[in-house]
Number of protein chains: 2
Amino acid sequence: MELGPPGGSGPAEPGPRLRGLRGADAAASASSLSRFGAEAGCRAPAVAAVLPAGGSGERMGVPTPKQFCPILERPLISYTLQALERVSWIKDIIVAVTRENMETMKGIIQRYQHKRISLVEAGVTRHRSIFNGLKALAEDQPNCRLSKPEVVIIHDAVRPFVEEDVLLKVVTAAQEHGASGAIRPLVSTVISPSADSCLDHSLERARYRASEMPQAFLFDVIYDAYQQCSDYDLEFGTECLHLALKYSHIKAKLVEGSPDLWKVTYKRDLYAAESIIKERISQKVCVVMDTKEDEEHVGHCLEEMLKTELNVMTSDFEETQRLLNMVEESNLSILYPVVVISVHFLDYESVPLGQKMEKVMQIREFAKEAKKRNILLSGLLIYFPQEEQKLRESLRQGTTIISALIKERNSGLIGQLLVA
Amino acid sequence: MELGPPGGSGPAEPGPRLRGLRGADAAASASSLSRFGAEAGCRAPAVAAVLPAGGSGERMGVPTPKQFCPILERPLISYTLQALERVSWIKDIIVAVTRENMETMKGIIQRYQHKRISLVEAGVTRHRSIFNGLKALAEDQPNCRLSKPEVVIIHDAVRPFVEEDVLLKVVTAAQEHGASGAIRPLVSTVISPSADSCLDHSLERARYRASEMPQAFLFDVIYDAYQQCSDYDLEFGTECLHLALKYSHIKAKLVEGSPDLWKVTYKRDLYAAESIIKERISQKVCVVMDTKEDEEHVGHCLEEMLKTELNVMTSDFEETQRLLNMVEESNLSILYPVVVISVHFLDYESVPLGQKMEKVMQIREFAKEAKKRNILLSGLLIYFPQEEQKLRESLRQGTTIISALIKERNSGLIGQLLVA
């Protein structure tokens, strides 16, 4: 694969992870085990997580259950799994999916290389799905390859932005109190309607909280509660903290969570999630230089300008080919579409525009190939006038275009040769 | 203004409003007055609206108060004002803004040509701001140019997607019951924490609702309530329905609202709002044809393909110039960035690519001018091979590019000549 005339090239991806996404994640999380000791004087417990993912997504108003709705072409649940997998001290992740979605879920696990996942069949309600997940972890189950954890996290498949920090907090609190859950301030006042749909009374907002996820429990506390609870609870309840209180007499410790814990519920939440993910993965850019000597100055000017819009890393490569191979080998593009922009400086007085363009037009063919590997390749010609003022104007426009391509990450515009 | 060689050109905007945005809005809403009679057997009351907009946007985590945060470069509150102005039977709209934002707000009203707006100074709390708005409407105020309405709507500046339908419902219910408010199901379980941050009890989710906006009141009911209420209420309360109950002994009628009523609270809500607005204004596309005879077939093929991705209107124009003037005259681009894509069919065997391109490159200069008028102009070259299969492939790619440009609406990519 050859990218036309040599020039600078810049891929955009979650930067420092070029050294291997999974490796970096594991390294970042490995030290957290010791944080248990530092934070709460507890030893690190054996932890598993259960994700009920049997929902039908009625409120979303779309036929696909919301946990399978695509964000940048990847299903929402895969982002949530990634967030949990990143935490090395979570040993097992049990996902409860309906029978009809079992194959879909297996496909997702394979395609996005998820690890430590076990699937169980979802029940007809959220509580029944969680119970099925817990049963798979209980040691009294025959042929169970999973071991019973000390603490179990319960999380939602549709809360993809959960951070290790809050997981650690609820697990630590569950070790101490038996149960714990994340809470958030109420956004709206809560009111109680009368039978004729009139206001009966409103609650004082400051005295109440929204119960969110994740929650964590000593395994025996929540498993005992589920074993005792009534069919009515399993059918109509949703709140695990309530079961722990009612049947195991444990008052859960409540932990203030961040706004990131919100649940993808409506279509607008999918839009919000996509924008947040795009913003996060667009924070770091890698600029690769392979400029002729007289262009080197210009290349560095561009880099300086990009730094004002994006965080930029620089490395040196002899060939664009090597870069593209590296992107592919890093497995980055398995999880996110990676933007690669091949930047060419054009002194249009010395080479006729048409001739230069026809040569660089080859990029369209490369882009088609790269798209198959989830790499979004575009070309950018930056005019290279001798006059300093005009040159800076060209570079400024180039920066704007690069930022737009990285931030929008729209596969409809691949293979184009843009001009600044 | 000339757009290079003649070719098809397509602007994207909220379609049917080309005949004049305000005119169309007024026409759509005028008939609604009579709906009062049909829906509830009531005569049409005099209605005003009060918008408290004095908030500081703490929860957003950004320095700009959220009502002034830009969406497609226009402040959020302008979208909310537009939604209320569209309803012709709302006679006056009172906005309460802090003294330091008064000039900003005047600038917004002027720039986006809002009508029927009066400004009052916000108080230090939401309740005090609403009270100030009501005072401006009360007839006992000296030098008041506003007349006292029968019914007053209270809405939030940060709920831009309110529809006439729900406004009509709360106003009609307020006429009958004295007070009314929109409600939504709770997304999260609500819990009551004990003093030591442990779970005290959780509420049965089905028995409670989230109180949202808009709300409506007989003016005397809510004004009397505010005149009687304590400083404690004004400082720490937020819920108008509660004041109507406590001081005027009116049990508000609760009306189920749509998910659209949600309040822009966090940064993610701004992302969601932007995506929703982009989606709405991208629903209709106007295709303008000015093709030579041998290209006419191709033009129609493109149109058919666009129809599968977008709603398409067709009109005929002799000149692109006339189209651009029309977009400007329609005032469409005052409220939204309008995407115009100049499409050229290229038989690249008969004309050398370079020559054709240099000519069409003029589009960059036009685009700079158009941007000043909030028109995002791009060019698109579609290859025109004789072979049917290849032609359809070119058109398909053209459709993808057009859709991407319209949906992203990114000003960073204007003036580019894209190739399909």
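The values are calculated or read from the model by the stated rules, or taken from the named source; none is laboratory data. These numbers come from a predicted model, not from an experiment. Backbone-built Cβ (ideal geometry, glycine too); neighbour counts: all protein chains shown. Protein only, heavy atoms only, side chains kept; ligands, DNA and RNA dropped before computing areas. Shrake-Rupley method; radii C 1.70, N 1.55, O 1.52, S 1.80 Å.
Please report how far the C-alpha centroid of region A:96-150 lies from that of region A:223-264, rounded to the nearest whole angstrom. Taking the Cα centre of region A:223-264 as reference, the centre of region A:96-150 is 19 Å away.
What average count of beta carbons from other chains do you get within 10 Å of the Cβ of residues in B:173-182? Walk me through the numbers before you get to the answer.
Values: counts 2, 0, 0, 0, 2, 0, 2, 2, 4, 0.
Averaged over the peptide's residues, the number is 1.
Annotation for region A:97-162: trypsin sites (Lys or Arg not before Pro) lying in DSSP loop with at most 16 further Cβ atoms inside 10 Å of their Cβ are A:Lys115, A:Arg116, A:Arg145. Tell me, what is the FRET efficiency for B:His249 and B:Lys91 to the nearest 0.05, using R0 = 25 angstrom and their Cβ-Cβ distance as r? That pair, B:His249 with B:Lys91, gives E of 0.35. Counting Lys and Arg as +1 and Asp and Glu as -1 over every other residue whose Cβ lies under 13 Å from the Cβ of A:Arg74, the net charge comes to +1.
For the chain pair B and A, the buried solvent-accessible surface (1.4 Å probe, both sides summed) amounts to about 6300 Å².
Please compute the net charge surrounding A:Ser258, taking Lys and Arg as +1 and Asp and Glu as -1 over other residues with Cβ under 11 Å from its Cβ. In short, -3. Using the Karplus relation 6.51 cos²θ - 1.76 cosθ + 1.60 with θ = phi - 60°, the per-residue 3J(HN,Hα) values for region B:259-268 come to x, 4, 7, 4, 9, 5, 10, 10, 4, 4 Hz, with x marking Gly and Pro.
Note on B:402-409: average number of Cβ atoms from other chains within 10 Å of each residue's Cβ is 3.
Arrange the peptides B:173-180, B:278-285 so that the one whose residues have, on average, the most other Cβ atoms within 10 Å appears first. Mind dumping the intermediate values first?
Details: B:173-180: 23.1, B:278-285: 17.6.
By packing density, highest mean first, the sequence is B:173-180, B:278-285.
Legend: residues in region A:221-251 shielded by at least 30 square angstrom of accessible surface upon adding the remaining protein chains to the isolated chain (1.4 Å probe, heavy atoms) are A:Thr238, A:Glu239, A:Leu245, A:Lys251. Once the Cβ-Cβ distance of B:Asp220 and A:Ser192 is raised to the sixth power relative to R0 = 35 Å, the FRET efficiency obtained is 0.85. Partner lysines whose Cα lies under 22 Å from the Cα of B:Lys91, excluding those fewer than 8 positions away in the same chain, are identified as B:Lys106, B:Lys115, B:Lys135, B:Lys148, B:Lys169.
Legend: mean number of C-beta atoms from other chains within 10 angstrom of residue C-beta atoms, peptide A:203-213, equals 5.
In straight-distance terms, cross-link reach from A:Lys390 covers every one of the lysines whose alpha-carbon lies under 18 Å from its own, apart from those fewer than eight places away in the same chain; here that gives B:Lys368.
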